[in-house]
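Student: I am attaching a structure below and will ask some questions about it afterwards.
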Amino acid sequence: MTSSAVSIEKETVISERPHTFLRQTDGEDNGSIRSRFQSMILEMQESVCGALEALDGAGKFKEDAWTRPGGGGGISRVLQDGAVFEKAGVNISVVYGVMPPEAYRAAKASAADQKPGPVPFFAAGISSVLHPKNPFAPTLHFNYRYFETDAPKDTPGAPRQWWFGGGTDLTPAYIFEEDVKHFHSIQKRACDKFDPSFYPRFKKWCDDYFFIKHRSERQGLGGIFFDDLNDYDQEMLLSFATECVDSVVPAYIPILEKRKDTPFNESHKAWQQLRRGRYVEFNLVYDRGTTFGLKTGGRIESILMSLPLTARWEYDHKPEEGSEEWKLLDACMNPKEWI
């Protein structure tokens with residue numbers, strides 16, 4: 001089978017967003033998890049973008065809607081060079097395709113679930129990365145997704161698999177402990193509504209996932225992260241994912257309101273750019289979502305939306321011990337319990 005046969009078909013940008021990205025065979029109002037997850041991410045894209053535009057006060061999101069010949073599509077929204085945000089992206093996608101084994105490995109965290117051949121799939125998700133201009137205002141990332149895989153055509157009777165994944169994480173250049181505690185408390189509150197074991201379990205998972213191996217440090221100060229989650233009722237997990245996305249604005253906007261106008265100098269900006277270099281390294285080397293998108297021929301502008309406009313690399317840079325920059329690096333190397 002050629003590589004093109006196991007990739008998602010090339011996208012087509014369209015002038016108006018469709019009513020739904022679901023295939024007709026999935027139904028639009030049948031109450032399926034596919035349909036309800038699509039409705040949730042569309043609503044959340046609207047609400048998050050509205051809150052970000054209101055905070056920025058100057059920038060507006062540029063929207064691109066796109067579809068794929070094989071079914072599905074997405075809406076990419078990006079705000080660049082605003083008053084508060086250097087770059088902010090909030091994307092949704094609802095896609096169908098057939099993924100090669102290397103893409104399946106990127107999609108599934110568990111090595112026990114690996115499959116040798118191409119796998120038909122359905123995937124829907126919302127993904128966002130927010131890079132403020134001010135070095136004292138942290139970057140935020142969140143991503144929540146729902147996957148289903150079908151049996152290959154030559155494997156009749158094999159069961160369909162499904163799972164939820166996602167997380168919300170904070171990546172500051174400077175530590176304000178009250179900000180980090182606020183952020184983590186909102187994550188814990190969302191988790192505790194469903195299972196008190198979720199926050200400690202998903203907080204550790206987040207610290208482990210966002211580890212930059214070649215640097216022996218984490219990308220940021222964590223949050224929550226989970227994947228391959230299917231050992232609970234689908235209804236409960238859909239509600240949990242919805243609660244997590246709904247918690248983004250109250251977790252992040254109050255921090256930005258406090259930090260977006262903080263005075264800074266060139267050295268503060270240079271440190272922010274160095275930390276963004278780490279962000280780029282993780283996303284291009286280790287992030288499974290980026291790998292999955294690239295391996296399945298996904299829309300490149302949407303996949304790389306997460307990268308900042310600017311970043312910096314300096315040879316053998318080491319912050320002075322005891323400095324605010326050193327404190328951030330120490331926290332990235334030695335994860336803490338913030339609440």
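Student: Yes or no: region 213-221 includes at least one residue that is crowded, with 21+ Cβ neighbours inside 10 Å, free of Cβ contacts under 8 Å to residues at least 60 places away in the same chain and either within 24 Å of K260 (Cβ to Cβ) or not polar (S, T, N, Q) (or both).
Tutor: no
Student: Ok, one more. Please pick out the residue among V249, V245, V280 that is farther than 18 Å from F198 by Cβ, of a type outside the set (S, T, N, Q) and modelled with pLDDT of 95 or more.
Tutor: On the way: V245 fails: farther than 18 Å from F198 by Cβ; V280 fails: modelled with pLDDT of 95 or more.
Going through V249, V245, V280 in turn, the sole match is V249.
Student: Tell me which residues, restricted to region 292-329, are assigned to a helix (DSSP H, G or I) and open to solvent by 50 Å² or more (accessible area, probe 1.4 Å).
Tutor: L294, K295, I300, E301, L304, E324, W326, K327
Student: Next question. Return the pairs, sorted by first residue and then second, in which the second residue is surrounded by 10 or more Cβ atoms within 10 Å (Cβ to Cβ) and in a loop (DSSP other than H, G, I, E, B), the first residue lies in region 10-25 and is at pLDDT 90 or above, the beta carbons are less than 7 Å apart, and the residues are 6+ apart or on different chains.
Tutor: From residues that are at pLDDT 90 or above, the pairs are T20/E28; L22/E28.
Student: A251: of a type in the set (A, V, I, L, M, F, W, C) and in contact with a His (Cβ under 9 Å, 6 or more places away or on another chain), yes or no? Spell out how you get there, then give the answer.
Tutor: Numbers: of a type in the set (A, V, I, L, M, F, W, C): yes; in contact with a His (Cβ under 9 Å, 6 or more places away or on another chain): yes.
Here the answer is yes, as A251 does meet what is asked.
Student: Additional query: Kindly list, by first and then second residue, each pair from a residue in region 315-326 that is in contact (Cβ under 8 Å) with a residue 24 or more places away in the chain to a residue that is open to solvent by 80 Å² or more (accessible area, probe 1.4 Å), limited to pairs with Cβ atoms under 7 Å and residues at least 6 apart or on different chains.
Tutor: Note: pairs meeting the criteria are P319/W326.
Student: For region 26-63, what are the residues that are modelled with pLDDT of 95 or more, of a type outside the set (F, W, Y) and assigned to a loop (DSSP other than H, G, I, E, B)?
Tutor: G57, A58, G59, K60
Student: (1) surrounded by fewer than 21 Cβ atoms within 10 Å (Cβ to Cβ); (2) under 29 Å from Q38 (Cα atoms); (3) touching a residue at least 12 places away in the same chain (Cβ under 8 Å); (4) not acidic (D, E): which one isn't true of P200, the others all being true?
Tutor: (3)
Student: If I ask for residues that are of a type in the set (A, V, I, L, M, F, W, C) and in contact with a helix residue (DSSP H, G or I) (Cβ under 8 Å, 6 or more places away or on another chain), which ones from region 241-268 would you list?
Tutor: A241, C244, V245, V248, V249, A251, I253, I255, L256
The values are calculated or read from the model by the stated rules, or taken from the named source; none is laboratory data. All figures in this text were calculated on a predicted structure; none of them were measured in a lab. Backbone-built Cβ (ideal geometry, glycine too); neighbour counts: all protein chains shown. With ligands, DNA and RNA removed, areas are computed over all heavy atoms of the protein, side chains included. Shrake-Rupley method; radii C 1.70, N 1.55, O 1.52, S 1.80 Å.
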